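The values are calculated or read from the model by the stated rules, or taken from the named source; none is laboratory data. The shown structure was predicted, so the numbers you read here are calculated from the model rather than taken from an experiment. Heavy atoms of the whole protein, side chains included, go into the accessibility calculation; ligands, DNA and RNA do not. Shrake-Rupley method; radii C 1.70, N 1.55, O 1.52, S 1.80 Å.
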Amino acid sequence: MTPQAAAALDRLRAAALALPEADEKLSHGMPAFFIRKGKMFAYFWHHHHGDDVTAAIVKTSGTEEQAMLIEMEPDLYYRPPYFGPSGWVGIHLDRADTDWDRVADRVAISWELVAPRRLLEAGGR
């Protein structure tokens, strides 16, 4: 992993693990972030199957939101393989001008989409 990719993973990890009951494990060779005893809400994608992409993969409300994000900013968002058909969106982390506040916000939105009601009612993030 390049130093830039390692730094991107560190920043993504910090954003994801700051959320209530978030944890990390490897899934299909990628760092994956999930709510303990629950669902995944983000993945770190780096050079997966030789694609030269470093990205965060996060859940959206569905394919309509995914398409809107990609249409609005096609240099930032993309439809990732495997996850895309389910409405997940990729956020490029391999750009010099990565807006880490925006990345953290999308990670938090993804967390909210999978969080159990008890966490949301407790104040969530």
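Accessible area of SER86 (1.4 Å probe, protein heavy atoms only, ligands and nucleic acids ignored): about 80 Å². When GLU71, GLU65 are compared by accessible surface with a 1.4 Å probe, the order from highest to lowest is GLU71, GLU65. Largest first and in whole Å, the equivalent-ellipsoid semi-axes of the stretch 3-115 read 18, 17, 14, each the square root of five times a Cα gyration tensor eigenvalue.
What whole-number distance in Å separates the alpha-carbon centres of the stretch 99-118 and the stretch 9-53? Between the Cα centre of the stretch 99-118 and that of the stretch 9-53, the gap is 12 Å. Surface listing: THR60, THR2 arranged by accessible area from highest to lowest gives THR2, THR60, probe 1.4 Å.
Computed from Cα atoms, the angle from the helix 100-114 axis to the main principal axis of the chain rounds to 50 degrees.
I need to check one value: relative contact order of the stretch 3-115, counting alpha carbon pairs closer than 8 Å and at least 6 residues apart, in percent.
Relative contact order, the stretch 3-115: 27 percent.
For the stretch 62-125, the gyration tensor built on C-alpha atoms gives an oblate shape. Its axis ratio a/c (a ≥ b ≥ c) is at least 1.5, and a/b is not larger than b/c.
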